[in-house]
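Please treat every number below as a calculation from the coordinates, not as lab data. Keep in mind the model is a prediction, meaning the values are calculated, not measured. As a convention, Cβ positions derive from the backbone with ideal geometry for all residues, glycine included, and neighbour counts pool all protein chains shown.
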Amino acid sequence: MSLTFAVVNGLGTAVGTWIPLAVLHPEDLLTPGGIILSAGVCAVIGGVAVCSWAGNLRNREASEVPVPAHQAGRKASFRTGLMIAIASGVLGPCLNLGIAFSGKISSASVAQGGSPLAANNAVLAILFSGGFISNIAYCLLRFRRNRSFVLFKIPERRKYLFLATLMGLLWIATYAVYGLSAAFLKSYLTVVGWPILMAAITITSSVWDIAFGEWAKKSLRVMGLGVTLLIASVAVASYGLYRLSHP
């Protein structure tokens, strides 16, 4: 799981940052600001990798859990899993790419009287609708195959439905705030904002994991190193934006 997290988030950060930079601002690629920004992206990837390593160390330090007899002979294909993780990492930043290359939609929203601050909401509505259709279709397919619709009848269903709804609202709110920052970052939103968002997500999840998880000293030190590297990456990426804005 730790390797999957590192591959998906690391690739997602790189693809989601460098494609908008190369397409929208190719002239900035080899400037001091562009190089500093790329260094910040590399720091995000490194921070994610270190946090994943810390998670792997914690699992090794934890007491071993006996493997169920019916799973003892099952071995997942590493190659297949790695290819799926790489595909997920490449396709993961499509939301950011959708925002990056949908300027005509947000401009049309403003032309129709919409607030410039919330112009990206028109884009997010389309992106989220597509994501909802694909996700709900897959979930229904899995419910049907596993015959797990009965889980909606368990006594704890209200708690789980509440938590799932809360998680969905917080996720949408995250990208709504991300879209609002376009009013300040302009066309550099998807170039600089994306690696900062990915770093912030990893930092937040790591802090929560530390707060509620059981960590030994060695794995906790490694996690602290990863979080420190991610915080530094935010500073580096922000400085890269400053240099791009003030050549």
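Net charge dipole, the stretch 138-247: roughly 560 debye, given to the nearest 20, about the Cα centre with Cβ charges of +1 for Lys and Arg and -1 for Asp and Glu. Using Cβ point charges alone (K and R +1, D and E -1), the dipole size of the chain about the Cα centre works out to roughly 960 debye.
If you work out volume of the Cα convex hull per residue in Å³ from the coordinates, which of (i) 121; (ii) 144; (iii) 167 do you get? Matching entry in (i) 121; (ii) 144; (iii) 167: (iii). Tell me whether the stretch 139-238 comes out rounded, prolate or oblate; compute the Cα gyration tensor, take square roots of the eigenvalues as a ≥ b ≥ c, and use a/c under 1.5 as the rounded threshold. Oblate is the answer for the stretch 139-238, as a/c is 1.5 or above yet b/c matches or exceeds a/b.
Listed by number, the DSSP H helices of the chain that run 18 Å or longer by alpha-carbon position along their axis and have mean Kyte hydropathy of at least 0.5 are 2-24, 32-61, 78-91, 120-146, 157-180, 194-212, 217-245. With helices as the sole contributors, the chain gives -25500 deg cm²/dmol at 222 nm; each DSSP H run of n ≥ 4 counts as -39500 (n - 2.57), and the sum is divided by every residue.
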